[in-house]
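Let me begin by presenting the structure, written as structure tokens, before commenting on it.
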Amino acid sequence: MKKKSMSGVLVLLVFAAFMVSVLLVLLSGADTVQTLTQRDRRTYHHRTAVQYLTTKVRQSDCAGAVSVSETDGSSTLVLTEKIDGITYETRIYCYDGYLRELFCAKGAGLAATFGEEILPMEDFQVSLEDGFLSAALSLPDGTTDHVVLQLRSEGGAAQ
């Protein structure tokens, strides 16, 4: 009788050791997944912000279509295009913690609050000199990405 109860206890101990090892593996894996997720989220915002800005400028890079101004005190990238004889502007700027895009008729005078929220952003500074567009994108994690684009079209910058 003692042998049967001892073998039952041994089985329970082996099972408990197995469960503890499974739990430890799961906890270490969960920590790794959380670390990777946070890293991916940070790099997503960095990549997306730079790619978004680069793509918008490349799409609008034609003579006189790219300029820099201010929207409610914020540095603003202005991309101009004509559609059916009407001049429209795409304004890209930072307002209220977000990089925003506002598409409107030129001179519409819309407030910065009307812009579509694109990405979380602390600050956006843009300048245009000698055919080079420089932008500094300050992200919520405290880092700043810098991008410099050369306008490809001849006279791409608005004077």
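The values are calculated or read from the model by the stated rules, or taken from the named source; none is laboratory data. Note that the structure is a prediction, hence the values are computed from the model and not measured. Methodologically, a virtual Cβ is constructed for each residue, glycine included, from the backbone with ideal geometry; neighbour enumeration extends over all protein chains shown. Remember, those area values only see protein heavy atoms, side chains included, never the ligands or the DNA or RNA. Shrake-Rupley method; radii C 1.70, N 1.55, O 1.52, S 1.80 Å.
Computed quantities for the displayed model
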quantity	calculated
Residue within the stretch 105-118 that is open to solvent by less than 30 Å² (accessible area, probe 1.4 Å), within 15 Å of Val50 (Cβ to Cβ) and of a type in the set (A, V, I, L, M, F, W, C) present	no
In the stretch 119-159, residue farthest from Ala65 (Cα to Cα) [restricted to those that are outside any strand (DSSP E or B) and aliphatic (A, V, I, L, M)]	Leu139
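Yes/no matrix, rows are residues, columns are (1) hydrophobic (A, V, I, L, M, F, W, C); (2) assigned to a helix (DSSP H, G or I):
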residue	(1), (2)
Phe15	yes, yes
Leu23	yes, yes
Ser28	no, yes
Thr48	no, yes
Val57	yes, yes
Arg91	no, no
Glu101	no, no
Glu117	no, no
